[in-house]
Amino acid sequence: MPGYKKPCKYCNELVESDGGVCPYCGKIDPADEFRCPKCRHPVKKEYKACPGCGFELKVVCPLCGKEGFFCDYCVHCGKRLTVRCANKKCGFEQPPLGDKCIKCGKNIKGENI
Ligand SMILES: [Zn+2]
Ligand SMILES: [Zn+2]
Ligand SMILES: [Zn+2]
Ligand SMILES: [Zn+2]
């Protein structure tokens with residue numbers, strides 16, 4: 001349906017409903033629901049845990065240090081919640097889910113490589 005618009009879930013401006021990037025705030029999938037960073041199950045901001053995998057939807061932002069709801073972006077500073085694997089051969093960007101890279105399995109901060 002061309003021209004059908006939905007409010008961006010981050011900034012509430014009306015955007016095309018077929019995904020992409022919000023032209024107002026630059027965030028990805030503006031019209032989509034919030035999703036679990038681990039299994040991509042749709043979640044709500046009020047949820048404490050993901051109904052799909054039980055993952056605790058709480059994160060300490062690596063950029064501003066505040067704890068908040070775990071989606072693709074920090075609810076406090078608005079930055080993308082990703083960390084880059086310190087392993088030079090990998091460098092995979094991913095949500096800050098733990099100490100190990102989800103791609104290469106090495107310590108994400110680069111120690112003990
Ligand atoms: Zn937006
Ligand atoms: Zn999940
Ligand atoms: Zn933050
Ligand atoms: Zn890696």
| field | R0 of 35 Å, Cβ-Cβ distance residue 77-residue 49: FRET efficiency to nearest 0.05 | value | 0.90
| query | Within the stretch 56-72, what residues put their amide N at less than 16 Å from the label point 7 Å along the Cα-to-Cβ vector of residue 84? | reply | 62-63
| request: Decide, for the chain, between rounded, prolate and oblate: order the square roots of the alpha carbon gyration tensor eigenvalues as a ≥ b ≥ c, take rounded if a/c falls under 1.5, and otherwise choose prolate if a/b is larger than b/c, else oblate. | output: prolate
| query | Can you list the aspartates and glutamates whose alpha carbon sits under 12 Å from that of residue 100, skipping same-chain ones fewer than 8 residues off? | reply | 111
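What's the local net charge at residue 68, with K and R +1, D and E -1, over the other residues with C-beta under 11 Å away? Before the final figure, lay out the partial values.
On the way: positive: 45, 58, 66; negative: 67.
That works out to +2.
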| Built amide H within the under 5 Å cut-off of residue 108, gap 5+ | 100, 101
| query | Where a Cα-Cα gap under 21 Å defines reach, which lysines qualify for residue 103, not counting those fewer than 8 residues away within the same chain? | reply | 38, 88, 89
| If amide H atoms are built 1.01 Å from N in the plane of the peptide, which residues on other chains or at least 5 residues away come under 5 Å of the amide H of residue 35? | 43, 72
| field | Additional length obtainable on full extension of the chain from residue 11 to residue 107, 0.36 nm per residue less Cα span | value | 31.1 nm
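Want the number for residue 100 to residue 4: 0.36 nm per residue separation, take away the alpha-carbon distance, what's left?
Extra length available between residue 100 and residue 4 comes to 30.5 nm.
A short reminder: the numbers here are calculations on the coordinates, not readings from a lab. On a predicted model such as this, the values are computed, not experimentally measured, just so you know. Reconstructed Cβ throughout: ideal geometry from the backbone, glycine too, with neighbour counts over all protein chains shown.
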